[in-house]
Amino acid sequence: MEAGLQGRLYREPTTAGGIVHLGLGAFFRAHGAIYVAEAGGWGVTGVSLQSPGTRDKLRPQGWAYTALELGPDGEKPQVVTVLRDVLVAPEDPQAVLDVMAAPETHIVSLTVTEKGYCHEPSTGRLNRDHPDIAHDLANPLPRSAPGFLVRALAARHAAGLPPFTVLCCDNLPENGRVVRGVVLELARLIDPVLADWILANGAFPSTMVDRIVPATTAADLDRLEAATGYRDEAPVMHEPFRQWVIEDSFCGPRPALETVGVQMVADVTPYEHMKLRMLNGTHSSLAYLGYLAGHETIADTMADRVFADFVRSLWRDEIIPALIPPPGEDLRAYAEALAARYANPAIRHRTWQIAMDGSQKLPQRILGTIAESRAAGRAVPGLTLAVAAWMRYVSGRDEKSRPIEVKDPLAPRLAALWRDDPARTAQGFLHLAEVFPPALRDDAGFAADLTDALSRLVRDGARASVQGAVDA
Ligand code: CS2
């Protein structure tokens, strides 16, 4: 037993503040929170927007938790003590607004997943029909992340305080611009003067975040306890790699993140495109095709030679040709590093976990590359097969007709689009305006390729279709 570690795990909360984080999932606790802890001088108040589970587990630990690095050659625990408090929004939304509006709060960061911004994935605009947005327009105590941002900024405006910087850490393209757009649109519907004040004084830097963080399992808790001698009810698991690129445009103070490896840059866009299309795009492709082929994790999928060859061909032939590399990045080397990260056998990242919320993820991960490539006359058969695999996956039945537990805000609508006729299935999906841009909806060649890919998937199965794509 290591008394030192245990002493740190069960400790008094930190008193430093400065950051409120909305969406206290495993990703932020394994990524942003660690950078902030290393930079020093700042503390984080975490907010769960849905359930009390994380708060209830962390409270008896004085908000400390273990981040366990899972390397191919072994595990390394680190105790993270940067959280000062955790609030559960549905229990007391006013308490969340109060801490967001407090003078010592300078940054509100977010990891609320793609769907948490209540926007339309294909356009980035606020979805005014979203039930939480309808609620937040009519009530001063919000439910949605945009609602909390707007009502807290309103409280600061009323109190004569400056706005906080809104730091979006979700996998959206130009994520700062997206959250700025939904915040301004919602604010304008509530109070145009407030919207003008946010526009003139607020800051919404875009960021690129990267670290693979598989969901923690009960077995992880026991293994960690056996290794360290203390019981942590809410540890997080992560790979060794990490990257955080932030547009340096804050409207107030910030931690000295550049001293701990965060890249502070003028324009994040090329980094976001590289990461969303090369990492997340292939992650989703492997998730749908791998799941259908019976692979449980990304590492299992990569251990299947056909899939390892397939993902390399996606990078080489379809994704890299459509990218402009960020300054100093070699995209081929980036792809090789990704292949090694995916193959890390210590990371049990389930294909099912990545397959979640595809309707919110596909546009920025895969459809952008497809639309741009087709417009430029480049073929994208592998990514087209991945889109077909998503359609098959969300039908809710796998290749052996067993049910799939599909998690997606559009799940019932998606399942209803599946037909016995692949051409009709493809047409039905392509008319889903939330997901497909008009350029792809109206592209008869794409509809034909998608129909072909669907026919092959149904006839030959996912693995043989992937093999066919590699051999072609
Ligand atoms: C994954 C991401 O679950 C998913 O959709 O693709 O969480 C991925 O692991 C991270 O973005 C890596 O930085």
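Let me spell it out: the conditions are (1) crowded, with 21+ Cβ neighbours inside 10 Å; (2) within 17 Å of Val150 (Cα to Cα), and Val80 meets all of them except one. Which number is the exception?
The single condition Val80 does not satisfy is (2).
If the requirement is being farther than 30 Å from Ala322 by Cα, in a helix (DSSP H, G or I) and over 15 Å from the mean Cα position of the chain (by Cα), which of these qualifies: Ala234, Ala227?
Ala227
If I filter the stretch 103-126 for residues that are free of Cβ contacts under 8 Å to residues at least 24 places away in the same chain and not β-branched (Val, Ile, Thr), do I get at least one hit?
No, the conditions are met nowhere in the stretch 103-126.
Is it true that Gly294 is in contact with a helix residue (DSSP H, G or I) (Cβ under 9 Å, 6 or more places away or on another chain), more than 14 Å from the ligand (Cβ to nearest atom) and assigned by TED's automatic domain parsing to the domain that holds Phe27?
Answer is no for this residue.
Of the residues Thr207, Thr228, only one is at pLDDT below 95 and among the polar types (S, T, N, Q); which?
The conditions single out Thr228.
Test of understanding: among Ala266, Ala215, which residue is over 26 Å from Glu174 (Cβ atoms) and among the small types (Gly, Ala, Ser)?
Being over 26 Å from Glu174 (Cβ atoms) and among the small types (Gly, Ala, Ser) holds for just one of Ala266, Ala215, which is Ala215.
Can you tell me how many residues within the stretch 332-341 are buried (at least 19 other Cβ atoms within 10 Å of the Cβ) and either more than 16 Å from Val311 (Cα to Cα) or without any contact (Cβ under 8 Å) to a residue 60 or more places away in the chain (or both)?
The total comes to 1.
Which numbered condition trips up Gln263, out of (1) exposed (fewer than 15 other Cβ atoms within 10 Å of the Cβ); (2) within 16 Å of the ligand (Cβ to nearest atom); (3) not hydroxyl-bearing (Ser, Thr, Tyr)?
Of the numbered conditions (1) exposed (fewer than 15 other Cβ atoms within 10 Å of the Cβ); (2) within 16 Å of the ligand (Cβ to nearest atom); (3) not hydroxyl-bearing (Ser, Thr, Tyr), the odd one out for Gln263 is (1).
Given the structure, is Arg419 without any contact (Cβ under 8 Å) to a residue 12 or more places away in the chain and of a type in the set (Lys, Arg)?
For Arg419, the condition - without any contact (Cβ under 8 Å) to a residue 12 or more places away in the chain and of a type in the set (Lys, Arg) - is met.
Can you name the number of the only condition in (1) more than 15 Å from the ligand (Cβ to nearest atom); (2) buried (at least 18 other Cβ atoms within 10 Å of the Cβ); (3) of a type outside the set (Phe, Trp, Tyr) that Pro325 fails?
Here Pro325 meets the rest and fails (2).
Of the numbered conditions (1) within 14 Å of the ligand (Cβ to nearest atom); (2) more than 18 Å from the chain's Cα centre (by Cα), Leu286 fails exactly one; give the number of that condition.
If we test Leu286 against (1) within 14 Å of the ligand (Cβ to nearest atom); (2) more than 18 Å from the chain's Cα centre (by Cα), just (2) comes out false.
Considering every residue within the stretch 344-353, establish whether at least one is in a helix (DSSP H, G or I), touching a strand residue (DSSP E or B) at 6+ places or on another chain (Cβ under 8 Å) and closer than 30 Å to Pro131 by Cα.
There is at least one residue in the stretch 344-353 that is in a helix (DSSP H, G or I), touching a strand residue (DSSP E or B) at 6+ places or on another chain (Cβ under 8 Å) and closer than 30 Å to Pro131 by Cα.
Answer with yes or no whether Ile404 is among the aliphatic types (A, V, I, L, M) and over 19 Å from the mean Cα position of the chain (by Cα).
yes
Of all residues in the stretch 417-438, which are outside any loop (DSSP other than H, G, I, E, B) and more than 18 Å from Asp452 (Cα to Cα)?
Within the stretch 417-438, Pro438 is the sole residue that qualifies.
Quick one: would you say Thr301 is more than 12 Å from the ligand (Cβ to nearest atom), modelled with pLDDT of 95 or more, buried (at least 23 other Cβ atoms within 10 Å of the Cβ) and hydroxyl-bearing (Ser, Thr, Tyr)?
For Thr301, the condition - more than 12 Å from the ligand (Cβ to nearest atom), modelled with pLDDT of 95 or more, buried (at least 23 other Cβ atoms within 10 Å of the Cβ) and hydroxyl-bearing (Ser, Thr, Tyr) - is met.
Taking only pairs six or more apart or across chains, which ones have beta-carbon atoms under 9 Å, a first residue in the stretch 41-67 that is more than 17 Å from Val99 (Cβ to Cβ), and a second residue that is in a strand (DSSP E or B) and of a type in the set (Gly, Ala, Ser)?
Gly41/Gly18
Restricting to the stretch 304-324, name every residue that is among the charged types (D, E, K, R) and either modelled with pLDDT under 95 or more than 23 Å from the chain's Cα centre (by Cα) (or both).
Correct list: Asp304, Arg305, Asp309, Arg316, Asp317.
Taking the stated definitions as given, is Ala159 surrounded by fewer than 16 Cβ atoms within 10 Å (Cβ to Cβ) and either under 16 Å from His106 (Cα atoms) or more than 16 Å from the ligand (Cβ to nearest atom) (or both)?
Criteria met by Ala159.
Per-residue answers, yes or no, for (1) in a helix (DSSP H, G or I); (2) among the β-branched types (Val, Ile, Thr); (3) out of contact with any helix residue (DSSP H, G or I) (no Cβ under 7 Å at 6 or more places or on another chain); (4) buried (at least 19 other Cβ atoms within 10 Å of the Cβ):
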| residue | (1), (2), (3), (4) |
| --- | --- |
| Leu153 | yes, no, no, yes |
| Leu167 | no, no, yes, yes |
| Arg180 | yes, no, yes, yes |
| Leu184 | yes, no, no, yes |
| Ala187 | yes, no, no, yes |
| Ala195 | yes, no, no, yes |
| Ile198 | yes, yes, no, yes |
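The values are calculated or read from the model by the stated rules, or taken from the named source; none is laboratory data. This one's a predicted model, so the numbers in the text were calculated from it and none came from an experiment. Methodologically, a virtual Cβ is constructed for each residue, glycine included, from the backbone with ideal geometry; neighbour enumeration extends over all protein chains shown.
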